[in-house]
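Chemist: My structure is below; once you've seen it, I'll send some questions.
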Amino acid sequence: MLAFNIPGVTNLVLTREQIVGIYNGSITNWNHPTFVDRNPAVKFPNATIVPIARSDFSGATEIFTRALSSFSEDWTDGCNPLSEIKSWTYLEQASSSKHTLVAQAKSTNEKL
């Protein structure tokens, strides 16, 4: 499950390709045309997406990254393996605690 924090937005439809783009750094702004196409009723801000992830190895992170790898070569070719998650320089790191990750997502707008 992905969580997002965009003021005024309560529902967001993302494709697998968009999720890969956010997490491999190729989609960086909330008003990217593909978001607008999939969510015509949403007024997206002209703001940078701030992706966050756990900074350590976890089962949930492993499942998430394996899923991205299974349906996109863009993920496999463009990103480091899970064991090197700290080198994903475009991600804002969080602590190893899922509770801190949730608090971080809530604390700042434009996070995913």
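Chemist: With θ set to phi - 60°, apply the Karplus curve 6.51 cos²θ - 1.76 cosθ + 1.60 along segment 37-49 and write out the HN-Hα couplings as whole Hz, x wherever there is a Gly or Pro.
Modeler: 4, 7, 9, x, 7, 8, 9, 7, x, 7, 9, 6, 6
Chemist: Something else now. Whose amide H sits under 5 Å from the amide H of ALA53, counting only residues 5 or more places off or on another chain, with H placed in the peptide plane?
Modeler: It is GLU92, ALA94, by chain and number.
Chemist: Something else about it: How far, in nm, would the chain grow between THR15 and THR34 when pulled straight, counting 0.36 nm per residue and subtracting the alpha carbon separation?
Modeler: The span from THR15 to THR34 would gain 5.9 nm if fully extended.
Each reported figure results from applying straightforward, stated rules to the coordinates on display, with no laboratory input. Since we're looking at a predicted model, the values are computed, not measured.
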